[in-house]
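The values are calculated or read from the model by the stated rules, or taken from the named source; none is laboratory data. Keep in mind that what you see is a predicted model, and the values were worked out from it rather than measured. Cβ placement follows ideal geometry from the backbone for every residue including glycine, while neighbour counts extend to all protein chains displayed. Ligands, DNA and RNA are excluded from the accessible area calculation, which covers all protein heavy atoms including side chains. Shrake-Rupley method; radii C 1.70, N 1.55, O 1.52, S 1.80 Å.
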Amino acid sequence: MTEHVNHFEPEPHKENSINAGRVLFLTKNQDLLRYQLSVGQLIDVPQDMLLDRVSTDEIIPNKPCLAWTGKEKNHLSNFLFTGLRNGGINPGEVMSGNFQTVVAGPSFARGSSRFHAPLALAEAGIRIIIAEPERIFEENAINAGIYVLPPAQDAARKILAGEYVDVSDLKTHLSRVSKDIMTAGGLIQYLTQLTKGEISYPSRDTTGRPMTMIEKMIARKTHVDNDRVGVSFVKPGDECIVQPDSYYGYELQTTAVRKVLTDRFGDRVKIQRPEKAFFFNDHTALIQSSDAAKIQQREQKEFADRFGIKNFENDENGSTAICHTKMIQDYALPGQIVLGNDSHTCTLGAVNTFAVGKGAADLAGALACDKMVVKTPESIRINLRGQLQNGATMKDFMLYFGAFPELKEELVGSGRVFEFGGEALDEVPFDEQLKLANMSVELQGFTGIIEPNQQMVSYLKKHRGITDQEVEVLFVKSDDDAEYFATFDIDLSIVEPTVATPGDTQNGKPLSEVRDQNIAIQKAYIGSCTHGTPEDLRQAAEVLRGRKVAEGVNLYVQASSIENLHEATEKGYIKDLMEAGAEVLLIGCGACMNAGPGSTEEGEVGIFATNRNFPGRTGPGQTYLANPAVTAASAVRGIICGPEDLN
């Protein structure tokens, strides 16, 4: 590594060319980070000295996003990178440092789909990211006009050497559609040009081949032109303009959605198919007294009312449901394609839906043009057999599976579909199968989807009133000889209760190993879109029945929808939880994203039955992830343990 002050001197402007300007290397060493912010420039930073697995919570913490209404000047950029795990960056420092390029390690911007991250970067003057990004962020960056370069690309090496490079060279690694989006000036402009016939739809030459269920769904919803939808075959890598069956978002994100639309159309905004759209007020449901939350909710309602979009408002119970739960319970169907403005949209794959998590620009594009861009992903097949044993759940399976070296270190799941199947699913309760789809994004997957099985059939018949004949027509199955990037065959009987240590959902370790450390906790939390089902609350209630939460520990529980709350109440689970000393929260996203009661404070340790524990995600404390029974048992003893330790 070399240190050099003012390495990138200003040079005369060259038409259609660009240089790195001032570069910020996100280094593991805090002193080197401070050096760049206050003194000068680093060059030739080795890859192993760069922060890897930087989450969107680290790029822009959730608190500033919750306070953003779209009217505050430089608000997002003021908090850029203030959430980094090793600290070192204070509000306003990146903005005032006049950086134009950021360099980071692998798996950059994992996690949330928040469009706030590229907005904060662009607002701070960042034009180039040199890193290996995760899918949603890369799409968001392209839509925001930010260049994302793989470190090995020739243009990246040149630009870090201080050279000017032609702007076209920054796009050579991009797909045709991504190039066209940047050339058009954004996704909305690109989709508008397609709709007006000013540019042609992507062409495909894919001929007869066996297909996965995701490939089949994409094929039958792909635009040939403005008048024809549906092609016979697609293959991984094919870029398609797809017509989604529905799309949804929520107050925290629709602020950015409306900004994208008004920036493009002004007062001439039109919504093509309002009956396909759904808005929710779930992410601020537990902080409704916040002035920003009131503005976000009010302006979302005004926008929805103006265009006839279904808007789920809050009441004394909080939100009607967390958005993903409501979509599964009432709207998403097998074989459909659904765009959601959230990374956990993949949850809908539990009902054999191709659910695509995307950013605000993509939801704006769907609202304005009834279209979205999909680059056909590769799929990974997971065959499940056997039965879970000794208190293990499908949450434990996902924590166990996510820690596989192939997934955690080699990142084979990055940008790929996790397709779950196998004979075991016929015996796994639907609420448990939900975890497979919901947590696929925690393995950096494009999405997750579950093949049809008896538990799925029973759920759809009971909760959606669908007949056997309708189910058979709706379901999509992969061809027997479909091609997969990788295949995993896993016997569920080998899975044991698993805990993810602080910092990443993929830090899964056996509970038996963590238990021996006698880790004291102050907070325990059961809820979110992952763990707010009646089955989750049953698992916790069985542990807590006749017991009390330890002194000095606060246990919070919540259902993920009003229907789930009613069922858990009728079955006595809520009574058991409350008698044990748990606080039952309103329905909404809450502490899972540091937006309500239960968030960890500085110096606190929490154990959460939720989905994500990136630095700062659930508050400034340290958060472990576990299943509901382990979380409940830990609340009783005050240390991380399992139900068997209470006897």
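Computed about the Cα centre, the dipole magnitude for region 101-233 is approximately 420 debye when only Lys and Arg (+1) and Asp and Glu (-1) carry charge, each at its Cβ. Positive-end ranking of Leu80, Leu348, Leu261 along the dipole of the chain, with charges on Cβ about the Cα centre, is headed by Leu261. Label positions at Lys310 and Asp330, each projected 7 Å from the Cα along the C-beta direction, are separated by 0.6 nm. Available extension along the chain between Asn98 and His566 is 163.1 nm, counting 0.36 nm per residue and deducting the alpha carbon span. Restricting the count to DSSP beta bridges whose residues both fall in the chain, what percent are antiparallel, rounded to a multiple of 5? Percent antiparallel among DSSP bridges in the chain is about 25. Based on protein heavy atoms only, region 241-361 ends up with 30 Å² per residue of surface accessible to a 1.4 Å probe. Oblate is the label for region 228-359, because a/c, from the alpha-carbon gyration tensor with a ≥ b ≥ c as root eigenvalues, is 1.5 or above and a/b does not exceed b/c.
Each residue of region 212-225 was assigned a 3J(HN,Hα) from its phi angle through the Karplus expression (A = 6.51, B = -1.76, C = 1.60, θ = phi - 60°), giving 6, 5, 5, 4, 5, 5, 5, 4, 7, 10, 8, 6, 7, 7 Hz with x at Gly and Pro.
Placing unit charges on the Cβ atoms only, positive for Lys and Arg and negative for Asp and Glu, gives the chain a dipole magnitude near 1340 debye about its Cα centre. In this structure, the amide hydrogen of Arg85, modeled 1.01 Å from its nitrogen in the peptide plane, lies closer than 5 angstrom to no residue at least 5 positions away or on a different chain. Legend: distances between Cα atoms for Lys270/Lys358; Lys310/Lys358; Lys63/Lys276; pairs beyond 25 Å are Lys63/Lys276.
What the Kirkwood sum gives for region 371-513 is a hydrodynamic radius of 16.0 Å, with every pair of different alpha carbons counted. The calculated FRET efficiency for the pair Lys71 and Asn647, based on their C-beta separation and a Förster distance of 41 Å, comes to about 0.15. Expressed as a whole percent, the accessible surface of the chain that belongs to carbon and sulfur atoms is 45, based on a 1.4 Å probe. Of Met394, Met578, the order by accessible heavy-atom surface (1.4 Å probe, DNA, RNA and ligands excluded), from most exposed downward, is Met578, Met394. Gyration tensor over the Cα atoms of region 67-226: the corresponding equivalent ellipsoid has semi-axes (square roots of 5 times the eigenvalues, largest first) of 32, 19, 17 Å. The string of couplings for region 109-116 from the Karplus curve (6.51, -1.76, 1.60, θ = phi - 60°) is 6, 6, x, 4, 8, 3, 6, 4 Hz, one whole number per residue in order, with x for Gly and Pro.
Using the Cβ-Cβ distance between Lys301 and Asp44 with R0 set to 41 Å, the FRET efficiency works out to roughly 0.20. The modelled label-to-label distance between Asn90 and Arg157, using points 7 Å beyond Cα along the C-beta direction, is 4.0 nm. Close Lys pairs in region 105-264, defined as Cα atoms under 27 Å apart and 8 or more places apart or on different chains, number 15.
Pairs Lys326/Lys395; Lys301/Lys575; Lys28/Lys371; Lys435/Lys509; Lys408/Lys435: which exceed 29 Å Cα-Cα?
From Lys326/Lys395; Lys301/Lys575; Lys28/Lys371; Lys435/Lys509; Lys408/Lys435, over 29 Å: Lys301/Lys575; Lys28/Lys371.
Under 5 Å from the amide H of Lys310 lie the amide H atoms of Ala277, Phe279, each residue being 5 or more positions distant or on a separate chain, with H modelled from the backbone and absent for Pro and chain starts. Averaged per residue, region 511-647 has 34 square angstrom of accessible surface, using a 1.4 angstrom probe with ligands and nucleic acids left out.
Need the full-extension length gain, Thr487 to Asp263, defined as separation in residues times 0.36 nm minus the C-alpha distance. One decimal, nm.
Additional length available on full extension: 76.2 nm.
Ignoring aspartates and glutamates fewer than eight residues from Lys71 along the same chain, the ones with Cα atoms less than 14 angstrom from its Cα are Glu123, Asp263, Asp291, Glu299.
For region 587-604, list residues with backbone N below 19 Å from a point placed 7 Å from the Cα of Met578 toward its Cβ? The answer is 587-588, 597-598, whose backbone nitrogens lie closer than 19 Å to the label point. When each of the peptides 199-208, 410-419, 174-183 is scored by how many other beta carbons lie within 10 Å of its residues on average, the order from highest to lowest is 410-419, 174-183, 199-208. A cut-off of 5 Å between modelled amide H atoms, ignoring neighbours fewer than 5 places along the same chain, links Leu149 with Ile129, Ile130, Ala131. Couplings for region 331-337, taken from phi via the Karplus curve 6.51 cos²θ - 1.76 cosθ + 1.60 with θ = phi - 60°, read 10, 5, 10, x, x, 7, 10 Hz in order; Gly and Pro are left as x. Under the simplified labelling scheme, the Glu542-Glu602 pair shows an inter-label distance of 4.2 nm, with each label point 7 Å from Cα along Cα→Cβ.
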